[in-house]
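Below is one structure, written out as structure tokens, with a few remarks after it.
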Amino acid sequence: MTEAGDRQRIQRLQAALDCQASAPTRTWWENYLEGAIGFRGAGIAVIRRELAAWREAEGIDGWPAGRQRALALRLFEEPLAEDKLAGVLFLQYYLYDRLPWRELLADYRSLFARELIFDWNTCDWFCVRVLGPTIASRGLPCARAIAAWRRAGYLWQARASLVPFVKVIGEERYHPLIETTAATLIARQERFAKTAVGWVLRDLSRPAKPRVERFVQRHLADFSVEALRNATKYFPPAERKDWLARLTSAPGKTGA
């Protein structure tokens with residue numbers, strides 16, 4: 001099992017994805033992500049299908065889980081979005097619950113430390129499809145370890161401290177941890193730190209609207225309009241309008 005062998009395996013997967021690529025799809029995704037990452041133009045269904053066929057053709061199913069993990073992580077080193085998403089799907093469908101979660105989190109921290117996840121699309125797919133199910137299956141100790149990433153300097157690791165909790169948003173035992181993590185992120189200046197808060201609070205408002213209202217009240221000055229619109233999406237229209245009016249009337253705030 002050599003590095004050169006893995007390189008060749010990955011090239012065969014890439015060739016299969018290239019055959020399924022669509023130029024209009026590539027253009028749409030690159031425009032949507034505003035050039036943050038390059039695409040070849042293959043959708044998630046195509047990636048999932050080609051990943052499964054590749055694993056079977058290469059005999060990867062029969063490898064030890066640790067060996068498979070190394071190959072899955074290797075896919076994140078590739079520059080195109082589809083290759084990173086293949087790594088996400090590899091972890092989601094075949095590995096995330098087969099190895100000790102502390103070992104996996106160490107590997108995931110390395111992905112962020114090496115800045116191999118550097119756009120919101122890859123980050124959020126990773127959060128929703130890998131980190132969220134990991135929290136759901138491993139419970140509060142794992143959740144606390146992921147939430148501790150809120151203090152990371154690297155934006156995308158910090159975002160990944162909160163977004164995975166969408167998977168367990170209906171479980172009250174996670175709500176205090178969500179709130180603590182959101183309080184750290186909303187105070188950051190980066191757009192994608194604040195939008196992570198808006199997204200998660202939006203879903204939290206369904207089972208725990210009073211908690212979301214208290215959070216917005218305490219941290220209103222730190223919200224962007226974009227994040228607040230999302231956080232209050234499921235509020236009654238009059239309440240939502242009132243919160244947005246309070247924010248936009250504050251000094252230095254605009255409708256952006």
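The values are calculated or read from the model by the stated rules, or taken from the named source; none is laboratory data. Predicted model only: the values in this text are computed from it and were never measured. Because the Cβ atoms are built from the backbone with ideal geometry, glycine has one as well, and the counts that use them run over all protein chains shown. Heads up: the accessible areas ignore ligands, DNA and RNA and are worked out on the full protein's heavy atoms, side chains in. Shrake-Rupley method; radii C 1.70, N 1.55, O 1.52, S 1.80 Å.
Scanning the stretch 40-66 for residues that are out of contact with any helix residue (DSSP H, G or I) (no Cβ under 9 Å at 6 or more places or on another chain) and among the basic types (K, R) yields one hit, R49.
If you go through the stretch 9-49 and keep only what is of a type outside the set (A, V, I, L, M, F, W, C) and within 14 Å of A72 (Cα to Cα), you end up with R9, Q11, Q14, R48.
Looking only at residues in the stretch 153-162 that are under 10 Å from the mean Cα position of the chain (by Cα) and more than 18 Å from R138 (Cβ to Cβ), the one that is least open to solvent (accessible area, probe 1.4 Å) is R159. Quickly run through the stretch 163-182 and pick out the residues that are assigned to a helix (DSSP H, G or I) and either over 17 Å from I146 (Cβ atoms) or open to solvent by less than 30 Å² (accessible area, probe 1.4 Å) (or both). Listed by number, the residues that qualify are V163, P164, F165, V168, E172, Y174, H175, I178, T181, A182. Mind listing just one residue for me: the one in the stretch 87-130 that is more than 20 Å from L51 (Cα to Cα) and under 10 Å from the mean Cα position of the chain (by Cα) and, of those, surrounded by the most Cβ atoms within 10 Å (Cβ to Cβ)? Applying the filter and picking the extreme gives W120. From (1) open to solvent by less than 60 Å² (accessible area, probe 1.4 Å); (2) more than 22 Å from W120 (Cβ to Cβ), pick out the condition that doesn't hold for A231. Going through (1) open to solvent by less than 60 Å² (accessible area, probe 1.4 Å); (2) more than 22 Å from W120 (Cβ to Cβ) one by one, A231 breaks only (2).
Scanning for something under 21 Å from C123 (Cβ atoms) and in contact with a Ser or Thr (Cβ under 6 Å, 6 or more places away or on another chain), does the stretch 45-58 turn up at least one residue? No: zero hits. Pairing residues of the stretch 32-58 that are surrounded by fewer than 18 Cβ atoms within 10 Å (Cβ to Cβ) with residues that are assigned to a helix (DSSP H, G or I) and of a type in the set (S, T, Y), at Cβ distances under 7 Å and at least 6 apart in sequence or on separate chains, gives G43/T25.
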